[in-house]
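Data first, discussion second: the structure below is written as structure tokens.
The values are calculated or read from the model by the stated rules, or taken from the named source; none is laboratory data. All figures in this text were calculated on a predicted structure; none of them were measured in a lab. Every residue, glycine among them, receives a Cβ derived from its backbone with ideal geometry; neighbour counts consider all protein chains shown.
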Amino acid sequence: MLLSLVGMPGGGKSTVGRHLARRLGVEFVDSDSVVERRAGESIRSFFEREGEERFRDLESSVLADLLRSFQGVVATGGGVVVREVNRHALKDQSLCIYLRSTPEELMRRLRHDTKRPLLQVADPLSKLRELYAKRDPWYREAARFVIETGRPSVPMLVNMILMQLELAGAVDSSTVPSPIDASRFTGDAR
């Protein structure tokens, strides 16, 4: 099984993806980390040196390789849906989940972030609103499920995703470990 997570920068894809993979007992990979390994440098410096088009080429290549050969949970880069070929690949070759966050929620999470090249502008909230307006329909196009991130905790978001996957028949709830370690409650309480 291959699950992919899409959403805006700062939407929680990597954090939720790690926890989701742990709960499912599968591998996790962050596609941005693979991009950085292939580039031999940070995304920000590659982006600044080579430009967005070359970055998107590399990102698309990494995504295609992961979709072809990886089983587990993949957290994608926020802009992976910019290219139509990537949206179709995510939809056709994975169970794609959109972690949907408002620009205001994202700004609260990202206000001190200096690693995301597209947000290194004078008014990052306006940039987030602009990106959201453009990308939200693309995320929806690629995704089978939309999960509103809002303010739930990471474990709660993982539970929401698992519930959707179970309802869709993609996972068997009897094989997914509960977030509560039942062994803590089996002791004799005399």
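Is there any pair with a first residue in the stretch 81-110 that is more than 26 Å from residue 159 (Cβ to Cβ) and in contact (Cβ under 8 Å) with a residue 24 or more places away in the chain and a second that is surrounded by 19 or more Cβ atoms within 10 Å (Cβ to Cβ) and among the β-branched types (Val, Ile, Thr) whose Cβ atoms are under 6 Å apart and which are 6 or more apart or on different chains, and what are they?
86/80; 87/81
Taking the criterion of being under 19 Å from residue 31 (Cβ atoms) and at pLDDT 95 or above, would at least one residue in the stretch 124-136 satisfy it? So that I can check it myself, show each step before the final result.
Keep residues of the stretch 124-136 that are under 19 Å from residue 31 (Cβ atoms), which gives 131, 135.
Filter once more, so that each one left must be at pLDDT 95 or above: 135.
Checked against the condition, which is being under 19 Å from residue 31 (Cβ atoms) and at pLDDT 95 or above, the stretch 124-136 yields at least one hit.
Going by what's in this entry, would residue 106 be described as closer than 22 Å to residue 160 by Cα and in contact with a Pro (Cβ under 8 Å, 6 or more places away or on another chain)? Don't jump to the end; show me each part of the working.
Values: closer than 22 Å to residue 160 by Cα: yes; in contact with a Pro (Cβ under 8 Å, 6 or more places away or on another chain): yes.
Yes.
Among (1) farther than 25 Å from residue 137 by Cα; (2) touching a residue at least 12 places away in the same chain (Cβ under 8 Å), where does residue 67 come up short?
With respect to (1) farther than 25 Å from residue 137 by Cα; (2) touching a residue at least 12 places away in the same chain (Cβ under 8 Å), residue 67 is out only on (1).
Assess whether residue 42 counts as being in contact (Cβ under 8 Å) with a residue 12 or more places away in the chain, surrounded by fewer than 18 Cβ atoms within 10 Å (Cβ to Cβ) and within 16 Å of residue 142 (Cα to Cα). Before the answer, list the steps.
Numbers: in contact (Cβ under 8 Å) with a residue 12 or more places away in the chain: yes; surrounded by fewer than 18 Cβ atoms within 10 Å (Cβ to Cβ): yes; within 16 Å of residue 142 (Cα to Cα): no.
Answer is no for this residue.
Might you check whether a residue that is among the small types (Gly, Ala, Ser) and touching a strand residue (DSSP E or B) at 6+ places or on another chain (Cβ under 9 Å) occurs anywhere in the stretch 56-66? Break it down into steps so the answer makes sense when it comes.
If we filter the stretch 56-66 for residues that are among the small types (Gly, Ala, Ser), which is where we start, we get 60-61, 64.
If we keep only those that are touching a strand residue (DSSP E or B) at 6+ places or on another chain (Cβ under 9 Å) too, we end up with none.
Looking for residues that are among the small types (Gly, Ala, Ser) and touching a strand residue (DSSP E or B) at 6+ places or on another chain (Cβ under 9 Å), one finds none in the stretch 56-66, hence no.
Show me the helices (runs of 4 or more DSSP H) entirely contained within the stretch 1-77 in which 1 or more residues are over 16 Å from the mean Cα position of the chain (by Cα) and over 28 Å from residue 155 (Cα atoms). It would help to see each step written out before you state the result.
On the way: elements: 13-24, 31-39, 43-50, 52-69.
Those helices (runs of 4 or more DSSP H) span 31-39, 43-50, 52-69.
Going through 137, 124 one at a time, which residue ends up being surrounded by fewer than 18 Cβ atoms within 10 Å (Cβ to Cβ) and either over 13 Å from residue 78 (Cα atoms) or free of Cβ contacts under 8 Å to residues at least 60 places away in the same chain (or both)?
On the way: 124 fails: surrounded by fewer than 18 Cβ atoms within 10 Å (Cβ to Cβ).
Just one listed residue meets the conditions, 137.
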